[in-house]
Amino acid sequence: MKILFAGFFALAFSLPVAAQYPERAVTLLNGYPAGGNVDIVSRQLVEGMKARFPRGLVIVYKPGAAGAVAVTELVRAQPDGYTIILTPHSALVIAAQVQELAYKTPDDYDPFANVVSYYPMLAVRAESPYKTLQDLVAAARADPGKISVGSPGEGTSSHLNLEDLMIKAGVKMTHAPFKGWAQSSPALLGGHIDAVVAQPAELKGQVEGKRVRVLAAFQPARHPVFPDVPTAKEAGYDVANGVWFLLMAPKGTPAAVVRYLQDAAKEAVEDPKFARSMAERGIDADYRPGDVLRAGLWREYKAHTDILRRIGMLKN
């Protein structure tokens with residue numbers, strides 16, 4: 001009887017919430033500065049979802065700590081569906097393991113929709129003597145530490161792909177962390193670093209301008225925008241750590257509200273206009289619902305635990 005009463009009470013509580021939602025503006029947190037990929041995807045997503053939110057769906061910027069500042073605000077917010085976040089999964093499976101944060105594992109929030117995904121690539125400037133990934137690895141093996149490779153920062157997916165490559169190739173390169181493509185691009189073109197791990201969208205313009213050559217894609221299959229670029233696995237190194245952008249709500253958000261949010265996101269992501277806009281930037285529209293997404297986050301979390309431990313970023 002107690003179980004039946006508890007279930008009835010929960011249903012009675014959730015029905016009015018679902019019927020009225022959304023009765024005011026919803027905040028979409030963004031943990032990165034304006035102008036970057038998270039911002040671009042956020043704006044496109046809001047455009048596709050806004051019909052479902054007549055009171056407004058407003059992007060609020062909370063940059064800092066590799067996205068962890070915004071995720072921390074999300075997990076501490078009221079679980080009522082009026083605060084959600086779009087975040088790269090690196091803030092969940094990397095930052096949460098190397099920093100002391102208000103959240104730790106994928107059970108500490110409610111992921112309800114994956115939106116896009118992409119995989120970093122390794123590139124050199126056009127005049128570089130390295131024509132293939134094997135060339136770069138051979139140079140690193142001949143002179144350990146001499147080859148310098150830039151990334152958007154310590155502990156990012158780009159950095160972990162580089163570390164994973166060094167482990168599997170048995171070589172040592174020097175990691176050069178920057179604060180994003182705006183810094184790493186001039187460093188590469190100016191000859192201050194030998195190579196860079198960057199996003200397809202960032203590299204596309206430089207490749208088309210014949211200023212940069214991509215040596216390898218850290219993904220399971222070749223990228224449709226770069227069909228002539230082999231994967232790292234094709235070159236002999238099974239390295240493929242991707243980046244997901246996903247939507248989350250605080251843990252405990254009513255199931256009916258989460259379904260409303262998930263349906264709104266699905267409609268936006270499956271709009272052909274969204275897919276075209278993302279493809280132009282070398283990003284794949286990649287809708288996955290919450291149940292599938294949580295299982296995927298746990299797989300990524302455990303895989304990154306192994307990588308982080310191997311490179312010394314985890315002490316236990």
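The values are calculated or read from the model by the stated rules, or taken from the named source; none is laboratory data. In this text, all values refer to a predicted model and were calculated from it rather than measured experimentally. All Cβ positions, even for glycine, are placed from backbone atoms using ideal geometry, and neighbour counts span all protein chains on display. Heavy atoms of the whole protein, side chains included, go into the accessibility calculation; ligands, DNA and RNA do not. Shrake-Rupley method; radii C 1.70, N 1.55, O 1.52, S 1.80 Å.
In bins 5 Å wide, starting from 0, what share of all Cα pairs of the stretch 96-141 does each bin hold, as a percent?
Reading upward from the zero bin: 4, 14, 13, 11, 11, 8, 10, 14, 13, 2.
On the protein heavy atoms, probe 1.4 angstrom, tell me the percent of accessible surface of the stretch 244-316 carried by carbon and sulfur.
In the stretch 244-316, the share of accessible area belonging to carbon and sulfur is 52 percent.
Around LYS233, with a cut-off of 14 angstrom between Cβ atoms, what is the net charge of the other residues, counting Lys and Arg +1 and Asp and Glu -1?
Here the charged neighbours net out to -1.
For the chain, what is the relative contact order in percent, using Cα pairs closer than 8 Å and at least 6 residues apart in sequence?
26 percent
Quick one: Karplus J couplings for the stretch 48-56, per residue in order, coefficients 6.51, -1.76, 1.60, θ = phi - 60°, nearest Hz, x for Gly and Pro?
Result, rounded to whole Hz: x, 9, 4, 4, 7, 10, x, 8, x.
Which FRET efficiency value, to the nearest 0.05, is calculated for LYS273 and ARG55 with the Förster distance at 22 angstrom and r the Cβ-Cβ distance?
E between LYS273 and ARG55, to the nearest 0.05, is 0.40.
So if each residue of separation counts as 0.36 nm, and I subtract the Cα-Cα distance between ASP108 and GLU154, what length gain in nm does that give?
14.2 nm
How do TRP244, TRP298 rank by accessible surface area computed with a 1.4 Å probe, from largest to smallest?
The ordering from most to least exposed comes out as TRP298, TRP244.
Apply 1/(1 + (r/R0)^6) to the Cβ-Cβ distance of LYS131 and ARG222, taking R0 = 25 Å, and write down the FRET efficiency to the nearest 0.05.
0.90
Measure off 7 Å from each Cα along the Cα-to-Cβ vector at GLU47 and ARG24, then give the distance between these two points in nanometres to one decimal.
2.9 nm
Please compute, for the alpha-carbon atoms of the stretch 222-298, the extent along each of the three principal axes and give them in descending order in Å.
47, 31, 14
For a quick protection proxy, order the peptides 122-132, 74-84 by their average other-Cβ count within 10 Å, most packed first.
Ranking the peptides 122-132, 74-84 by packing returns 74-84, 122-132.
Just how many pairs of Lys in the stretch 60-174 have C-alpha atoms closer than 26 Å, counting pairs that are eight or more places apart or on different chains?
Taking the stretch 60-174 as the scope, the lysine pair count is 6.
Can you check what the Kirkwood hydrodynamic radius comes to for the chain, Cα pairs only, in Å to one decimal?
The Cα-based Kirkwood calculation yields 20.6 Å.
Applying a 10 Å radius around every beta-carbon, put 301-312, 177-188 in order of their mean neighbour count, most first.
Peptide ranking by packing, descending: 177-188, 301-312.
Tell me, what % of the accessible area of the stretch 54-152 is carbon and sulfur with a 1.4 angstrom probe?
50 percent
First measure r as the distance between the Cβ atoms of GLN99 and ALA34, then evaluate 1/(1 + (r/R0)^6) with R0 = 25 Å and state the FRET efficiency to the nearest 0.05.
0.60
How much accessible area does LYS168 have with a 1.4 Å probe, in Å² rounded to the nearest 10?
100 Å²
Ordering THR231, THR156 from largest to smallest accessible area (1.4 angstrom probe), what's the sequence?
THR156, THR231
Taking the Cα centre of the chain as origin, sum charge times position over the Cβ atoms of Lys and Arg (+1) and Asp and Glu (-1), and report the length of that vector in debye to the nearest 20.
180 debye
Nearest 500 deg cm²/dmol is fine: what mean residue ellipticity at 222 nm does the chain get from its DSSP H runs of n ≥ 4 alone, each adding -39,500 (n - 2.57), divided by its residue count?
The helix contribution divided over the chain gives -13000 deg cm²/dmol.
Taking the solvent-accessible surface of protein heavy atoms with a 1.4 Å probe, what is the per residue accessible area of the chain in Å²?
45 Å²
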